[in-house]
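> Here it is, the structure in full.
The values are calculated or read from the model by the stated rules, or taken from the named source; none is laboratory data. None of the values given here were measured: they were computed from a predicted structure. In this analysis, Cβ positions are derived from the backbone assuming ideal geometry, glycine residues included, and neighbour counts consider all displayed protein chains.
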Amino acid sequence: MDAQDHLAALLNRLKLTVLRDQLDSLIDEAGRRDLTIREALTLFCEREIARRDQRRIDMSFGISRFPVVRDLTGFGFGAKPSLDKAQIRIAAQSPLGETLFRHYGLRYDVYETVLVITGGRCLMKSEAVLALLGSLGPSWSWLARIGTLVPSPLRNATYDVVATNRYRIWGRTDVCRRPPPGAEARFLG
């Protein structure tokens, strides 16, 4: 067994599939960029982690089912001029999302609730939902105002019941819609 086959076998054994599949191009890139061995190892690890994160996201999209079958491409941002498209972001399953979860003392490995971070505050559960509704303009903000009249413990209990039973309510599919082309800017990572 030559050195290249031995290295491929080691990478297989360590389950470093990106390194195994892209080793030559990664080595070439490290050479072109004149990286030190430490910098090259960092590059290799970053690529492996990025691929694993992408695979985890793909799997999550595959098992998730959202109650709304629409995406943001048809949303009327003009109806709410103060709402910038760039404000709508999905951050949980990204390196930045992990950092935000840790910053606010939340577990990164368990996605228990929807989060809205605004004005340096982290809103969770029903408070986050009400903030989102309030940002969607007059046709939805009335619902947010009514929701604030309900005591927070009751709102959060209702949120928990819906979250726990979401698959029973809306079902589960093997495939979830991917973001539309051009929506990548709304995802942090």
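> Looking only at region 27-56, count how many residues are part of a loop (DSSP other than H, G, I, E, B), exposed (fewer than 12 other Cβ atoms within 10 Å of the Cβ) and not basic (Lys, Arg).
Keep residues of region 27-56 that are part of a loop (DSSP other than H, G, I, E, B), which gives 33-36.
Remaining after also requiring exposed (fewer than 12 other Cβ atoms within 10 Å of the Cβ): 33-34, 36.
Then drop every residue that is not not basic (Lys, Arg), which leaves 34, 36.
Residues flagged as part of a loop (DSSP other than H, G, I, E, B), exposed (fewer than 12 other Cβ atoms within 10 Å of the Cβ) and not basic (Lys, Arg) within region 27-56 amount to 2.
> Check region 148-159 and report whether any residue there is among the β-branched types (Val, Ile, Thr) and at pLDDT below 85. Before you say what the answer is, go through the steps one by one.
Let us first name the residues in region 148-159 that are among the β-branched types (Val, Ile, Thr), namely 148, 150, 158.
Remaining after also requiring at pLDDT below 85: none.
So far as region 148-159 goes, no, none of its residues is among the β-branched types (Val, Ile, Thr) and at pLDDT below 85.
> Which ones in region 8-26 are assigned to a helix (DSSP H, G or I) and surrounded by 14 or more Cβ atoms within 10 Å (Cβ to Cβ)? Even if it seems obvious, please write down each step before you answer.
Initial filter on region 8-26 (assigned to a helix (DSSP H, G or I)): 8-13, 17-26.
Once the filter is applied, which keeps residues that are assigned to a helix (DSSP H, G or I) and surrounded by 14 or more Cβ atoms within 10 Å (Cβ to Cβ), region 8-26 yields ALA8, LEU11, THR17, VAL18, LEU19, ARG20, GLN22, LEU23, LEU26.
> Looking at region 177-187, which of its residues are aliphatic (A, V, I, L, M) and either modelled with pLDDT of 85 or more or exposed (fewer than 14 other Cβ atoms within 10 Å of the Cβ) (or both)?
Start the filter on region 177-187 by keeping residues that are aliphatic (A, V, I, L, M), which leaves 183, 185.
Correct list: ALA185 only.
> Being at pLDDT 80 or above and either surrounded by 13 or more Cβ atoms within 10 Å (Cβ to Cβ) or assigned to a loop (DSSP other than H, G, I, E, B) (or both) is the filter here; which residues of region 164-176 pass it?
ASN165, ARG166
> Look through region 92-147, keep the residues that are surrounded by 13 or more Cβ atoms within 10 Å (Cβ to Cβ), in a loop (DSSP other than H, G, I, E, B) and of a type in the set (Val, Ile, Thr), and return whichever of them is modelled with the lowest pLDDT.
Out of the qualifying residues, it is THR113.
> Moving on to the next point. Could you list, in sequence order, the residues of region 1-57 that are farther than 24 Å from GLU98 by Cα and among the β-branched types (Val, Ile, Thr)?
ILE27, THR36, ILE37
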